Every structure is written in C-alpha cells, then in structure tokens.
Amino acid sequence: MNGKHDSGQHTAVWQKFWAIVCDEWHYLIHGRPPVAIIIFAMPLAFSLIFGFIYRENVVNNIPFVVYDEDQSKLSRSLIQAYADADRFTYVAQAASEEEMQEVIESGQAKMALGIPKDFDKDIKSGLGSDILIMVDSTNNMFGNAALSASQEISRSFSVAVSKSLLESLSLLPDDAIHAAYPVHMGVRILGNPANGYSSFMLSGLMMNGLQIGIMLTIAPAMVTEFFRRRWRGTNPLLISLGKTLPYWCLGLVSFILSLNVVVYGFAVPMRGSWADAILMAGAFLFFVSSVLHVFSVFCPTRVLSLQAPMVYIMPGLLYSGLSWPAFDMSDVASAIGMLMPMTYAGDTLRDILLSGSSPDLWRNVRIMFVGGLGCQILSAAIFALRVRFLGGKGEKRDESIPARPEA
C-alpha cells in the first residue's frame, strides 16, 4: 500500500510539474506577438549589430599628418613606408610642430610623424636620429594600433637603412643583414592570429544579448504568482523549476542559432567542440534563470522585477574578463565578477572557439549548475515566506503589465 501511495504521489508531482511547464509554454508561445521572440531576437541582434561593426577585424586607415624638417630622400622614404602600410592613410603635410598638433586636435588626423632636421645626415654619419610619433589616444583603439604599427615600421626601416650602410662598407648583403639585425624574433600567435576584434569580442557580446533576452522574459515569472496564485499549495521549488525549463530550452536553441551566425556569418573560428559549447550554455542559462528568479521573488511588482535585475545583468560583460583580464582586476572587482554568470561563460566560450578547448570548462560548468541550484532553493524559500507572510491575500494587481492568459 505504501509503495502504491508513494508512486501516486510521484505521479501527482510530475503531473503538477508538467502543468507548470505547459503554463509557461502557453505564456511564451501564444502571445501577440509571442514573448518567446525576445529570447531569439536579443542574441541575434547583438550578433548582427556588433558583427557588422567588427567586420573589418582590425583598425586600419588611421589618418596621419607629417612634419618633415629634413626634406631628404631618406625622410621621404620613411614617410612612404608609413603611407604604404594598410594601417595608415596620409592626409596632410604640416609646416611646423604646432601645426602638426593642431591637425590632430582638429580631428583631421589621429597620428603625426615628425622628422627632425639633419635626419639623413645624422644617420649616415653614425650618430642616429630620433623621430617623433604623436598619437591621439582619446580612443585607445587608435592609440594602441598606431603605436604598434609605428614600432613595426620603424624597426623595419632601421634594419633596411643599417643594411644599406653596412653594404656601402663592402659587406656582403647576407653579412650586412646579420650585422644590422643580429637577433631574429620568430612570432607564433595562437588562438587569434590576426588579433581581430570579431574573434575577440563577438561571442561574448552574443552571450550578453542572450542573458538580456532571458531577463526580459523570465524576470516577472515568480512575482506573477503572487497575483494569480494559480499554483496555490504547490511546492515553491517545483514552481521555480517548472517555470525555468521552457526558458532554458528556448534559450539553448537561441544560443545554437546565434552561435551559428557568429561562426558562419562573421567567420569567427570554431576550433573546439560544439558539445562543450552547448554544455557551457546550458549551465549558463540555468544560472541566469535561477538568479533572475531570486530577483523576482524579492520584488513587489512585475515592473520592478524587470528593472531591478538590470543593475546586475548590465555590468556583467565588464566584470566577465572578456575586455579586461580578470587576473588584473582589483580584489573588489574580482569579488563582484564572481557573482555574475558571464564571468564563467564569456571567456570559456571564447577559449572553446579560438583555442579548441577551455581549461576551466568543467570547473565553470559545476560552479554555474551549483550556483543555479542554490538560487533555485533560495527563490523557493523566499517565495514560501512571502506567501506565508501575505496570508493568502495576494498583492495589489500591477496594471502596468497585462495579465497572463490562462492556459
């Protein structure tokens, strides 16, 4: 008898759980337009918008101005080396250093090249010479790209000039190049050889769009039950998990579609396993959904349940380690980042895409699943306390958001 009773209880629990899941599916699919569209639209929109922005991958055609005091054949060769580089575009010739700076301040140029008087003479006499690179680093992208390219061009130019001078002293070409450039550096860039911005940022921005889409749809889910009380007497954890499942499923499908856009639409390499990426996304979606349930049960209205999580979700990209390495953050910033799902997903996905695997994959997946389960239990406990505190009277109806249709 006890076995049959337990079996009946288990069946009733699963039936109730399935009813909650179906209710959420009905809410997501049967709206006009369906609420589920948001879960797909946000990551796709982020992928497309930022994908087109970063399509060039690197910053090229930086406008530069020249102030050439020497007006020699050698100085013109240096200017030509800069003009021939894809990274720079020659726009103006200045008559003085002050005019050169004015051109930068006016926005006409982002970098300036200053060549001193007697540039040719000093080099050929063995004294050497200094050139001036002036960069507008108001935008760090211009500053970093200009300085990096300038160093490469200047090094190549210096080696070529040194080789020419040594050849004039009767050294053979091979001996001259070895004497001018005795230490040869072999460079092998792993993961992102072109240092492209699409590969660097696009997958993380897509994940950020995904969590925003989940936030905009699931955030009011738990607080709504204080108004409808459809599942009165049901275990709060069952309600929380039942409401999570439809969003998790749609979010996972949305992730796969959006990642295909990132990989095949914007040529971000997928060197790792799709299974690893999907596993990571599943843990991420569970963590995000569970955290949003916690916000929902604490909020008095559905409007506030949409607004409050923004303070938590929006900074997630900045604290995730995607744009600034986590190991170089302050202790406070690192502690804040550890509370955010993006910290465990953004870098992990990028490693899977670019490096073929992530050393932190299983650790981060465990953290997200355990964190998500903890948030599910916390939200269920707070939900139960609020229901008990309200004494079954419910709350004042929030008219600013339409009521959910009954399944």
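The values are calculated or read from the model by the stated rules, or taken from the named source; none is laboratory data. In this text the structure is predicted, and so the values were computed from the model without any measurement. All Cβ positions, glycine included, derive from the backbone under ideal geometry; neighbour counts span all protein chains shown.
Within the range 31-46, being without any contact (Cβ under 8 Å) to a residue 40 or more places away in the chain and outside any helix (DSSP H, G or I) holds for 32, 33, 34.
Cβ-Cβ distances below 6 Å connect the following pairs, each with a first residue in the range 366-383 that is within 16 Å of residue 343 (Cβ to Cβ), a second residue that is aliphatic (A, V, I, L, M) and assigned to a helix (DSSP H, G or I), and a separation of six or more residues or different chains: 368/283; 369/283; 375/291; 375/294. Checking each residue in the range 94-147 for being in a loop (DSSP other than H, G, I, E, B) and aliphatic (A, V, I, L, M) picks out 94, 95, 109, 127, 131.
Looking across the range 109-126, the residues that are over 15 Å from residue 72 (Cβ atoms) and either surrounded by 12 or more Cβ atoms within 10 Å (Cβ to Cβ) or not assigned by TED's automatic domain parsing to the domain that holds residue 94 (or both) come down to 109, 110, 111, 112.
Scan the range 47-84 for residues that are more than 22 Å from residue 143 (Cβ to Cβ), not in a loop (DSSP other than H, G, I, E, B) and not aromatic (Phe, Trp, Tyr) and the total you get is 11.
A Cβ distance below 7 Å, combined with a sequence gap of six or more or placement on separate chains, defines the contacts here; from the range 76-101, residues that are without any contact (Cβ under 8 Å) to a residue 40 or more places away in the chain reach residues that are of a type in the set (S, T, N, Q) and not in a strand (DSSP E or B) in the pairs 86/60; 89/61; 91/108; 92/108. Just so you know, in the range 315-325 the residues that are assigned to a loop (DSSP other than H, G, I, E, B) and in contact (Cβ under 8 Å) with a residue 60 or more places away in the chain include one that is nearest to residue 379 (Cα to Cα), and it is 320. Taking the range 284-306 as the range and being within 22 Å of the chain's Cα centre (by Cα) and either surrounded by fewer than 24 Cβ atoms within 10 Å (Cβ to Cβ) or among the hydroxyl-bearing types (Ser, Thr, Tyr) (or both) as the test, the residues that pass are 289, 290.
Checking 106, 129 one by one, the residue that is surrounded by fewer than 13 Cβ atoms within 10 Å (Cβ to Cβ) and either out of contact with any Lys or Arg (no Cβ under 6 Å at 6 or more places or on another chain) or over 30 Å from residue 195 (Cα atoms) (or both) is 106 and no other.
Of all residues in the range 64-75, those being touching a residue at least 12 places away in the same chain (Cβ under 8 Å) and either hydrophobic (A, V, I, L, M, F, W, C) or surrounded by fewer than 18 Cβ atoms within 10 Å (Cβ to Cβ) (or both) number 6.
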